[in-house]
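See structure below.
The values are calculated or read from the model by the stated rules, or taken from the named source; none is laboratory data. Note that this is a predicted model, so its numbers are computed, not measured. Cβ: placed from backbone, ideal geometry, glycine included. Neighbour counts: every protein chain shown. SASA here: full protein model, heavy atoms, side chains in, ligands and nucleic acids out. Shrake-Rupley method; radii C 1.70, N 1.55, O 1.52, S 1.80 Å.
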Amino acid sequence: MEPLLSAIASDLVSRAMSLVIQRYGRSKAEETEQKLQRVLLRIDATVEEAEGRYITNKAMLQQLDMLRQGMYQGHYMLDTFRYRGHGDDDEVSGGLTVALPRFSSAKPFFPFSVSSNVKKLEKMLDSLEALMGDMQEFVVFLEGYPRICRQPYSTYLILDKVMFGRQMEMETIRNFLLRQEAASDGNPGVLPVFGAARVGKSTLVEHVCLDERVRGHFSSIVVFTGGDLGAGNMAALRGSGVIKHQDVMAASHGRSLVIIELDGDMEEGTWRRLYSSAARAMEHGSKIIVTSQSDKITCFGTAQALRLNPLPQEAYWYFFKTRAFGSANPDDQPKLASLGMEIAATMKCSFMGANIVGGLMRTNLNIRFWRRLLQYISDHTSIHLLKFGEHPTDLAQRGHPVHIWRMFRTQHHVTICKIYQDRSSKHMVPKLSLQDIHTGCDTYPAKFCTIAWRSTIPPYYTYLATCASQPGCSMVSKKRPRQLRV
């Protein structure tokens, strides 16, 4: 009898100690979370103040970029800690288990291991506190730079109207354009900008060209596309370019900016002829920017080429969250926010994906709808990985056909054959959008065109998609691991 009582007492003591440790861990986690939130508020205020000023010092721009990246990482860590414990609520989902994709880099964070989560929070807190400590001189110097005049907007409206996450790249291009060239060198400077399809190259350059300082520096800004450049002669191209800016009063200095948007590669011989022609036709101090998906254009540059990469996951979540929730506060709906993090992890940091899917989510802030959306996107991505070995975003960027996920069972599945910019205003823009196909259960013609996405920021591109419809059950509905109950 005594050994039994001893065993029971030992078990009770062990459970009591475990409960005390768990409660202490949770209390410690909440305390660290609050400290991290306070530090992030300071960083948010500093970044917002810095982004509202004309900063020209390169070292300060690098410090601002470090601060901005720390802000994204800190918010991502804080959101992960707050929201991830709310994602597996069977009462809400009706017993549904969402099969998360294997490719997702997002891992469960809370409440599986309180002590390890506290250590992660403390590590992030120490890192951000050290970062802010190093920024004291930065904050002091910031007062010396003039303010940018703009109307105050909410974060949602700002991100809906300006380019997100490319401030450092914008300053790199701006500094290249405003830099004075050596008087002995009469040839125009060339900056190559390259990156994957639809990563934002044209949008980046457009935003730089809208800057008042850039427009005041050049008497004209002209854009040429790949189809105009076959002759390799600048004089022959003068009538084919799109004039973005022209100032007759500033024509005395004669500097011009030429932007060349290549659809693919350009032969080196064609480039040499084009550059030689431009050097003869353009005044001293003129500049050329060349954009392309290919890194082969780096050899064209007189300045170090600028590579435009996709956003890191932390920055992408910051953007995606705002697109999905709009003016709503994610903290008020942690279960939705948890699902939002999972959906964002499937997007491969695609701006177009964030706008299309985020738009769908914003119009229906409903847990069942978001769970259903996550299931379809996850299945759709997993099938492409199994069939082609690549994420559908990567396939689409390389011009490979990709299947469209649909939220209703149909007798037809639809494939995107090609996504391209609608460069001509003469074309009849279709009324049907990709969002309509995602959420609709209609059948479509064998070949048709649809709007993939309309950009709400300059240069306001419309992206069209040529599609094909074929009989047969959709790929996703056939291979889904479990039937949804909605």
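Quick check on this structure: which one of 399, 389, 440 is surrounded by fewer than 19 Cβ atoms within 10 Å (Cβ to Cβ), of a type outside the set (D, E, K, R) and within 19 Å of residue 199 (Cβ to Cβ)? Working first, answer last.
Details: 389 fails: within 19 Å of residue 199 (Cβ to Cβ); 440 fails: within 19 Å of residue 199 (Cβ to Cβ).
Step by step, each of 399, 389, 440 is checked, and only 399 is surrounded by fewer than 19 Cβ atoms within 10 Å (Cβ to Cβ), of a type outside the set (D, E, K, R) and within 19 Å of residue 199 (Cβ to Cβ).
A quick yes/no check of all residues on (1) modelled with pLDDT of 60 or more; (2) open to solvent by 30 Å² or more (accessible area, probe 1.4 Å):
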residue: 1; (1), (2): no, yes
residue: 17; (1), (2): no, yes
residue: 44; (1), (2): yes, yes
residue: 72; (1), (2): yes, no
residue: 75; (1), (2): yes, yes
residue: 82; (1), (2): yes, yes
residue: 85; (1), (2): yes, yes
residue: 112; (1), (2): no, yes
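Any residue at all in segment 442-455 that's part of a loop (DSSP other than H, G, I, E, B), within 24 Å of the chain's Cα centre (by Cα) and of a type in the set (D, E, K, R)?
Scanning segment 442-455 turns up no residue that is part of a loop (DSSP other than H, G, I, E, B), within 24 Å of the chain's Cα centre (by Cα) and of a type in the set (D, E, K, R).
Using beta carbons and a limit of 7 Å, which pairs, at least six apart or on different chains, have the first residue in segment 272-295 and farther than 21 Å from residue 217 by Cβ and at pLDDT 90 or above and the second one of a type outside the set (Gly, Ala, Ser) and part of a strand (DSSP E or B)?
Close Cβ pairs satisfying both conditions: 292/194; 293/194; 294/194; 295/194.
Would you say residue 414 is under 24 Å from the mean Cα position of the chain (by Cα) and crowded, with 20+ Cβ neighbours inside 10 Å?
no
Among the residues of segment 177-201, which ones are among the small types (Gly, Ala, Ser), in contact (Cβ under 8 Å) with a residue 24 or more places away in the chain and open to solvent by 20 Å² or more (accessible area, probe 1.4 Å)?
183, 186, 196
Check segment 115-124 and report whether any residue there is assigned by the TED database to the domain that holds residue 49, touching a Pro at 6+ places or on another chain (Cβ under 9 Å) and either modelled with pLDDT of 90 or more or within 30 Å of residue 350 (Cβ to Cβ) (or both).
Yes: one or more hits.
I need the full set of residues from segment 226-244 which are surrounded by 18 or more Cβ atoms within 10 Å (Cβ to Cβ) and at pLDDT below 85, in order please.
Selection gives 229, 232, 234, 237, 241.
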